[in-house]
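Participant: My questions all concern the structure below.
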Amino acid sequence: MTPVADRVAARRHTVIIVLRLLALALIITGAIMLLYGLLVLGISGTPRHGLIRTPMYVHLLARAGACLLPGAGLMLLDQRIARWVVPMPRPECPRCRYRLHDRPPRCPECGLDLGA
Ligand SMILES: [Zn+2]
């Protein structure tokens with residue numbers, strides 16, 4: 001690989017590690033809330049919680065879902081997110097930022113010698 005591709009791959013790898021750690025933290029938190037919600041449901045039936053008097057396990061299960069779903073999404077889409085966060089740089093003229101589709105010897109926009 002080229003040095004640019006190596007740097008991009010290293011940055012994407014770092015982003016994937018961070019995303020997976022975040023996903024793991026969300027999944028563990030969601031799992032704890034899910035188990036606690038099921039425990040509350042199993043022990044006490046339908047205790048009431050909050051102003052609108054919904055059963056407490058509904059709150060716990062909703063919070064568990066609010067952690068588990070983004071965690072699973074991050075785990076499944078980590079490589080796509082990494083490609084979006086760290087895009088492969090496109091070749092462009094260093095002076096005028098004209099996008100170069102191939103490697104011409106001179107920039108067709110400003111005439112800078114690219115040494116190709
Ligand atoms: Zn140029």
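Values quoted throughout were computed directly from the atomic coordinates according to the rules given, and no laboratory measurement underlies them. Fair warning: this is a prediction, and the values are worked out from it, not measured in the lab. Because the Cβ atoms are built from the backbone with ideal geometry, glycine has one as well, and the counts that use them run over all protein chains shown.
Participant: Helix 3-44: angle to the longest alpha-carbon principal axis of the chain, degrees 0 to 90, nearest 10?
Facilitator: The angle comes out near 10 degrees.
Participant: Mind checking which of I17, A31, H101 is farthest towards the positive end of the chain's charge dipole, using Cβ charges of +1 (Lys, Arg) and -1 (Asp, Glu) about the Cα centre?
Facilitator: Ranked along the dipole, the leading option is A31.
Participant: If we count every other residue with Cβ under 13 angstrom of I81's Cβ, Lys/Arg +1 and Asp/Glu -1, where does the sum land?
Facilitator: +4
Participant: Would you work out the relative contact order for the chain, in percent, from Cα pairs under 8 angstrom that are 6 or more residues apart?
Facilitator: 27 percent
Participant: Take the chain, drop everything but the C-alpha atoms, weight them equally and run the Debye formula without solvent; then report log10 I(q)/I(0) at 0.11, 0.15, 0.16 Å⁻¹ to two decimals.
Facilitator: Result of the Debye calculation: -0.59, -0.78, -0.83.
Participant: A follow-up question, please. Within 10 Å, Cβ to Cβ, of P91, how many net charges do the neighbouring residues add up to if Lys/Arg are +1 and Asp/Glu are -1?
Facilitator: +1
Participant: OK, next. Sort by residue number and name the cysteines in the chain that have no neighbouring cysteine Cβ under 4.7 Å.
Facilitator: Flagged as lacking a Cys partner: C67.
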